Amino acid sequence: MATVRVVVFNSDETYGAELRAALLGFKGLKIVAEVDEPSLLPQAVERFPCDLLVANLDPIPEVVLPIVGDIASSTNISVFAISESTDGQLILAAMRHGVREFLTKPIENAVLHQALGKVSERGSQTGEPGSLITVIGGAGGVGATCLSVNLATELNELTPGKVTIVDLDHRFGQVATHLDVDPTYTIADLCDSPGQLDQQMIERALMKHPSGLQILSRPLHFEQADNITAAHCVGVLTALTTMNDFVIVDGPTRFDYGTKAVLDIADLNLLVLQLVVPTVRSVHRMLDGMKRVGFNLDRMKLICNRVGCEGVGVSIEDVSSTLNLEIFGEVPDDWATVNGAINVGEPLSASAPKSKVRLSIKDVAARIAGAGANTQQESEHKKGGLLGRIF
């Protein structure tokens with residue numbers, strides 16, 4: 001079955017997670033862009049090759065319908081409309097505007113999947129994008145930034161294509177510091193004109209590390225972070241996947257609409273934690289919150305960092321069984337080596353190429369590069385042990 005590339009229009013942030021969960025429940029679907037301003041839709045479908053436009057008409061169908069109608073009449077893109085209204089006049093107007101499927105809220109999965117199946121059968125006309133991988137910390141100070149920077153560096157060495165790392169901690173991100181670069185342009189510059197992104201604009205915003213790794217830094221100023229929306233992030237990251245083999249994201253650091261949007265479109269989400277009870281409790285709460293809003297945890301894997309520094313108590317097996325997630329990688333404790341690399345602004349491959357911590361991250365990168373971000377099978381575990389009793 002062909003991959004279905006989808007542009008999503010949705011101006012209601014409270015409905016975003018539910019809509020993405022419904023769409024991503026269809027195997028082979030890929031959200032390539034998410035737009036929250038009707039005027040940006042024509043530019044989005046032109047900029048991001050797609051097979052389908054899914055538009056939430058609420059709360060302004062009279063504004064959205066003419067725009068999606070123009071797209072339906074001038075392109076080969078299928079258009080689905082979604083609304084809580086069952087008014088016959090609205091449905092008739094949508095059909096006259098070229099809408100192929102009109103879906104009412106709450107969306108019935110069987111109806112949606114049947115409609116998506118018809119689009120998939122037509123075949124996709126777009127090329128395969130690169131893999132988008134997020135690295136998020138289960139708590140502060142667990143080493144997520146160090147891992148994301150070194151994972152990106154290792155993937156850059158292992159693969160012949162381009163690799164970019166993006167800093168989504170918009171206020172306190174340290175990716176540029178870890179790699180000792182001083183950016184002139186940042187993600188904030190790209191988010192100023194999300195509907196007009198082109199390759200030249202994106203390449204100007206990227207810093208190039210001597211290793212060849214490309215870096216998209218956090219905003220230079222605190223106030224710029226307030227203007228970056230979930231749709232901005234999705235648009236920038238999707239554009240980067242069309243230009244790279246791998247896009248590594250450090251963050252996001254908050255569980256908000258922007259975070260959920262990024263995690264939803266990622267091919268693999270690596271959740272970093274240390275083997276201590278407070279951190280595992282934080283991760284447990286995070287996962288529980290994701291489940292409650294319908295987030296699919298199939299693409300969420302665990303990375304245990306600083307293994308060996310915690311002493312006796314919590315084992316890797318306890319963590320995996322309690323959280324019911326696969327351990328994707330284990331990074332040993334070697335704080336002196338890691339701290340030295342951070343202080344001089346070098347990846348471990350340059351400052352400590354034979355260290356155990358560097359080799360363990362290289363193994364994670366090789367697993368991603370060799371097997372693909374979506375092919376890992378999640379282990380089945382039974383709850384038990386120390387953490388089972390704690391929770």
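Side notes on the structure shown:
- Helical contribution to [θ] at 222 nm, DSSP H n ≥ 4, -39,500 (n - 2.57), averaged over the chain, rounded to 500: -12500 deg cm²/dmol
- The alpha-carbon of residue 162 sits under 13 angstrom from the alpha-carbons of these aspartates and glutamates, leaving out residues fewer than 8 places away in its chain: 154, 203, 245.
- Under Karplus coefficients 6.51, -1.76 and 1.60, residue-wise ³J(HN,Hα) of the stretch 38-49 in Hz, glycine/proline x: x, 5, 8, 4, x, 5, 5, 6, 7, 6, 10, x
- For the stretch 291-364, the set of GluC sites (Glu not before Pro) satisfying both a DSSP loop assignment and a count of at most 14 other C-beta atoms within 10 Å is empty.
- Helix axis angle, 61-74 relative to the chain longest principal axis, alpha carbon, degrees: 90 degrees
- Label-to-label distance, nm, for residues given as residue 158 and residue 184 (7 Å Cα→Cβ offset): 3.4 nm
- Dividing the Cα radius of gyration of the stretch 265-351 by its Kirkwood radius returns 1.03 for Rg/Rh.
- The order of 182, 58, 36, 167 by accessible area, most exposed first and with a 1.4 Å probe, is 182, 36, 58, 167.
- Axis of helix 144-158 versus longest Cα principal axis of the chain: the two differ by about 80°, to the nearest ten degrees.
- P(r) for the stretch 137-253, from all Cα pairs and a bin width of 5 Å, is 2, 12, 24, 26, 21, 11, 3, 0 %, short bins first.
- Residues whose placed amide H lies under 5 Å from that of residue 244, excluding near-sequence neighbours: 130
- With both labels modelled 7 Å from their Cα along Cα-to-Cβ, the residue 62 to residue 18 distance reads 2.4 nm.
- Protein-only accessible surface order, largest first, of 211, 73 at 1.4 Å: 73, 211
- Nonlocal amide H pairs with residue 29, under 5 Å, H built at 1.01 Å: 4
- Fraction of beta bridges assigned by DSSP in the chain that are antiparallel (%, nearest 5): 5 percent
- Reachable lysines from residue 118, criterion Cα separation under 20 angstrom, eight or more residues apart if same chain: 27, 30
- Residue 309 accessible area, 1.4 Å probe, all protein chains in place, Å² to nearest 10: 60 Å²
- Along its principal axes, the stretch 26-67 has C-alpha extents of 32, 22, 14 angstrom, given from the largest down.
- Order of exposure, largest accessible area first, which applies to 184, 145 with probe 1.4 Å: 184, 145
- Sorting the Cα pairs of the stretch 155-218 by distance into bins of 10 Å, from 0 upward, gives 21, 52, 25, 1 percent per bin.
- Spacing of the modelled spin labels on residue 172 and residue 220, each 7 Å from Cα toward Cβ, amounts to 2.3 nm.
- 25 Å Cα-Cα threshold exceeded, pairs from 105/291; 105/301; 105/260: 105/301
- Sites count as exposed loop sites when they are trypsin sites (Lys or Arg not before Pro), lie in a DSSP loop, and have at most 16 other Cβ atoms within 10 angstrom; the longest stretch of the chain without one is 28-170.
- Between helix 109-122 and the chain: long-axis angle, C-alpha atoms, 0 to 90°, nearest 10: 90 degrees
- The fraction of Cα-Cα pairs per 10 angstrom bin, counted from 0 for the stretch 1-151, comes to 10, 39, 31, 12, 6, 1 percent, rounded to whole percents.
- Put simply, the Cα atoms of the chain extend 67, 49, 39 Å along their principal axes, the longest span coming first.
- For the stretch 103-171, convex hull volume per residue from C-alpha positions, Å³: 194 Å³
- Using distinct alpha-carbon pairs, which all enter the 1/r mean, Kirkwood radius of the stretch 48-101 in Å: 11.0 Å
The values are calculated or read from the model by the stated rules, or taken from the named source; none is laboratory data. Predicted model only: the values in this text are computed from it and were never measured. Counting neighbours? That spans all protein chains shown, and the Cβs are built from the backbone with ideal geometry, glycine included. Please note that ligands, DNA and RNA were not included when accessible areas were found on the heavy atoms of the full protein model with its side chains. Shrake-Rupley method; radii C 1.70, N 1.55, O 1.52, S 1.80 Å.
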